[in-house]
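Here the structure comes first, spelled out in C-alpha cells, and everything after it is commentary.
The values are calculated or read from the model by the stated rules, or taken from the named source; none is laboratory data. These numbers were taken from a predicted model, which means no experiment stands behind them. All Cβ positions, even for glycine, are placed from backbone atoms using ideal geometry, and neighbour counts span all protein chains on display. Accessible surface areas use protein heavy atoms only, side chains included; no ligands, DNA or RNA. Shrake-Rupley method; radii C 1.70, N 1.55, O 1.52, S 1.80 Å.
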Amino acid sequence: MTLGMHTLTAGRGLLFGGDYNPEQWPEHVWEEDAELMRAAGVNLVTVGVFSWARIEPEPGKRDFAWLDRVLDLLGAAGIGVDLATPTASPPPWLGHRWPETLPVDESGHRLWYGSRNQFCPSSPVYRERALALVEDLAERYADHPALALWHVGNEYGQVCHCDDSARAFRAWLKERYGDLDTLNEAWGTTFWSQRYSEWAEIVTPRRAPYIVNPSQQLDFWRFCSDALLAHFRAERDVLRARTPDVPVTTNFMGLFKPVDYWSWAQEEDIVSNDHYPDPADPLAPARTALTHDLMRGLAKGRPWLLMEQSTSAVNWRPHNPLKPPGRLRLESLQAVARGADGLCYFQWRASRFGAERFHSAMVPHAGADTRLHAEVRAHGRELRGLREVAGQPVPARVAMVFDWPSWWALEERGRPSDRLTATDQLFSYYLPFWERGVSVDLVPPSAGLDGYALVVVPNLFLLGDADAAAMTAYVRGGGVLVVGPFSGVVDERAHVRTGRFPAPLREVLGASGEEWQPVEGPVRCRWADGAEFAAHTWTELIEPEGAETVAEFTGGGPAVLRHRAGEGVAWYVATMPEPDALGELAERVLADAGVRGVLPELPRGVEAVRRGDVLFLLNHGADAVRVPLPHAATDLLTGSAVAGRITLAPQAVAALVRGEA
Ligand code: GLA
C-alpha cells in the first residue's frame, strides 16, 4: 500500500499537535512541554523547521545531540515527530561566505539574511549544502522510533532573478523549446523587437521600462514553480532513499500564486496545508472551505493534513483580532469535515523573542492555566471521539476547475480589465454551492470529468486544445458544464486564439462573440421570466449559435446562455453576476445536473458537509439556528440523540451519524 495519512493515523487516530521549536527554550521547559502535550492529547509535532544554524553552527560541523534529546523525550511521551529538513532558513554564514546563495529581486537587489527564506532555489551552493545536511539528518534519525513524517523545507515560494537563476531559466527553456526559433515563436518576439539571437541574451523577466512580454513572464512563473519543485524533489529523494517507509510532505499555502500545487501534490506522499482564516472577514468560513476542498482535490480525494492554523490571533496582518472563544474548535472541525485527518497549529509554545513574538500558540505567554490552553486541551480530547472519521472520503458530484498557468496568464499587465481575477472568480462561483451544502471537488483542467454530474469553470483564460476537447466530450456524453467569462482566450503560449471567442469551446457552448467590454458600475440583466439582477465589471458582445438566451442584458444581448449539446448541457456566463444571481444560476445548473445539497433546508451561515457516514453541521453565524433533519441521528461530539431538528448555538458543531446510538 502507498504511503499516506493512513500511515500516520493507523494507531493514532486523528492527528493533533503543532510546530515545536524547542531550540528557543532551555531544556527544563522541554520536560514541561512533553507533559503538557501529553495532557492535551498531542500525538504529532513538527520539529526543527528553523534549526539549521543550531544543527550546523559552522560550515560542515554538526550538533545533533540536542535534537537527539528532543526526539527521545517526545518518543518516550508517545508523540510522533514530523521532522523537518531545516532548509527554509539558512544560517548567516551561508549568505556571508556565499552571497550568491541569497535571492535577488526583479530590480537586481540582493535580499539579505536577518529574516528567513533567504535562498535562491537555483543556487548550486545552496543545493549542495542543503542536501549534505539532509543526508546527515536522514542518516541520524532514520531508525528513531519517534520519526513519523518528513517535512521538507517550509512554505516554498521563493522567486529569484540572480545569474544562477537566469542560467537555470535558460536550461529550462532549452528543455521546453529545443531551439531558439521555437522560443522566439512561442514568445512572439517579433513584437517590440524582442528577437533573441543567442541563448545567453535570455534573462529572467527583470525590471524593464514598460510591460514585459507576457509569454516570457508566463514561462518564468512555470520555471519558478519547477525550480522550487526540483529542489524539493532533491531533498525528498535523499529522505526516501534512507527511509522508504516514512511519508514525505511539504506545507502548502492554499491558493498561493507562485507555486503550481497540481504539479507538486503528485510528488509528495501527504498533502499538507497552512491556513489562517481572517477573524475579521465575514466570508472567511466559505473561503476556508474552498481552500480545504482544494487540498482534498490535490490529495485526489484522500485525507490531507492541516499542518498549521492558529489558536487565536496571528501577528502578520496589520491589525490582529483574537479568535473568540470556541472559534478554534469550529475552524479545526471544519477541516475535519472537509477531509483533514490531522489538525495542527503554529505553534506549540508562544515565542518570547523574534519576529513572531505576538503570534498566538497552543501554550500562550500567560502559560497553561489559561482560557486558550483549556480550549486546546478540550479540543484535543474531543478529537479522540472522532477517530472513526479518519480515512473517510468527502463525496462530491460537482467539480470546479482551477489552473495555475491560467491564473498566471490571466493576471499579466495589459489586459482588458485587472478587475477580473482568477481567485475572486473562483470564489464567487464556489460561494453559492457552499451556501447550499453542495460539496465541490477542486480539479485541474486535465482531470477526468466523467464521474461528475456538474463541472464548473469559473475562468480558464488559458485553455489548451486537449482540455477543451475533453470538456466538449464530457458535455456530449451527458455532463453539465458551466463556463465563466473570458475563458478559452489564449493558448499555452499566452497567444490569443483568433476567430470568434471562446474559440475552443464555441461549438459546445453554441455561442460566440467578438468583443469584450469591461464596464464601470452595475449592468442590469433580466432572466427569461422577467426577473432582473445586477452584474458588474465585465460584459461580452456575444451571439447565440444554437444556445438559448437564459438571461440578457437589459440594454440588449445575451448575458447567460444554455446549450444542449449531445446528451448534455453547456452554460456560458458572459458577465459577472452579483452573488444572489450566481445563487440563482447555481440552482438552475444543479437542477440540470440533478444534484442537491446534503440537506433540503439550510439556514444561512450553517455549513453542511457529509464525510463518510458523518454529516457535519457548523454554525458560522452569530445567532442560534434550528436545522431540520430528515432522520434521527446521534451526535458523535456529544453522544446525544437528535430527531426532527437540531438547534445549533453560534459556533456550534454537530457530527451526526444516522440512527440512535
Ligand atoms: C507560516 C509559517 C510559520 C509561521 C506562521 C505564522 O505558516 O510556516 O513558520 O511563520 O506562518 O502564521
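Quantify, in whole percent, the carbon and sulfur part of the accessible surface of the range 197-251 (1.4 Å probe; protein heavy atoms only).
Details: 1140 of 2190 Å².
Heavy-atom surface of the range 197-251 belonging to carbon and sulfur, 1.4 Å probe: 52 percent.
Where in the chain is the longest stretch that carries no chymotrypsin sites (Phe, Trp or Tyr not before Pro) classed as loop by DSSP and with at most 11 other Cβ atoms within 10 Å? Longest gap between qualifying sites, sites excluded: 354-661.
Keeping every protein chain present and rolling a 1.4 Å probe, give me the accessible area per residue for the chain in Å². Numbers along the way, then the final one.
Details: 25900 Å² over 661 residues.
On a per-residue basis, 39 Å².
Per residue, the convex hull spanned by the alpha carbons of the range 460-590 comes to 97 Å³. Dipole of the range 150-282 computed with +1 at Lys/Arg Cβ and -1 at Asp/Glu Cβ about the Cα centre; of V248, T204, L229, farthest Cα towards the positive end is T204. With the convex hull drawn around the C-alpha atoms of the range 606-658, the volume per residue stands at 64 Å³.
In the P(r) worked out for the range 1-84, what percent of Cα pairs fall beyond 20 Å? Counting pairs separated by more than 20 Å, the tail of P(r) holds 36 percent. Treating r as the C-beta distance of A10 and E587 and R0 as 41 Å, the FRET efficiency rounds to 0.45. Going by the alpha-carbon gyration tensor, a ≥ b ≥ c the square roots of its eigenvalues, is the range 348-471 rounded (a/c under 1.5) or, if a/c is not under 1.5, prolate (a/b greater than b/c) versus oblate? Since a/c reaches 1.5 but b/c is at least a/b, the shape of the range 348-471 is classed as oblate. Dipole magnitude for the range 606-658: computed about the Cα centre from +1 point charges on Lys and Arg Cβ and -1 point charges on Asp and Glu Cβ, it is near 140 debye.
Diffusion of the range 545-629 by Stokes-Einstein, at 4 °C in a medium of 1.567 mPa s and with Rh set to the Kirkwood radius over alpha-carbon pairs, works out to 83 µm²/s. If you wrap the Cα atoms of the range 290-434 in a convex hull and average its projected area over all directions, you get 11.5 nm². As an exercise, use a Förster radius of 35 Å and the Cβ-Cβ distance of R110 and H319 to find the FRET efficiency, rounded to the nearest 0.05. The formula returns an efficiency of 0.65 here.
Express in whole angstrom the spacing between the alpha-carbon centres of the range 597-661 and the range 155-228. Value for the Cα centre distance between the two parts: 52 Å. Would you mind finding the longest exposed-site-free stretch of the chain, with exposed GluC sites (Glu not before Pro) meaning DSSP loop and at most 10 other Cβ atoms within 10 Å? My reading of the result: 199-519 is the longest stretch.
Taking one quarter of the surface of the C-alpha convex hull of the chain gives a mean projected area of 30.1 nm². Kindly state, to the nearest 0.05, the FRET efficiency for A241 paired with D68, given R0 = 22 Å and r defined as their beta-carbon distance. E between A241 and D68, to the nearest 0.05, is 0.50. Taking every DSSP beta bridge that has both ends in the range 398-593, the antiparallel portion is near 65%.
Calculated from DSSP H runs of 4 or more alone, at -39500 (n - 2.57) each and per residue, what is the 222 nm mean residue ellipticity of the chain, nearest 500? Working shown, then result.
Details: 18 runs with 208 residues, N = 661.
Calculated at 222 nm, the ellipticity per residue is -9500 deg cm²/dmol.
Expressed as a whole percent, the accessible surface of the range 606-658 that belongs to carbon and sulfur atoms is 49, based on a 1.4 Å probe. Selection among G499, Y430, V456 by position relative to the dipole of the range 398-593 gives G499 as farthest towards the positive end (Cβ unit charges, Cα centre).
When only C-alpha pairs under 8 Å and at least 6 residues apart count, what is the relative contact order of the chain, in percent?
Details: 1363 pairs, mean separation 68.1, N = 661.
That works out to 10 percent.
Placing +1 on the Cβ of every Lys and Arg and -1 on the Cβ of every Asp and Glu, with no other charges, gives the chain a dipole of roughly 960 debye about its Cα centre. Note on I211 and T498: the extension gain reaches 101.1 nm, defined as 0.36 nm multiplied by sequence separation minus the Cα-Cα distance.
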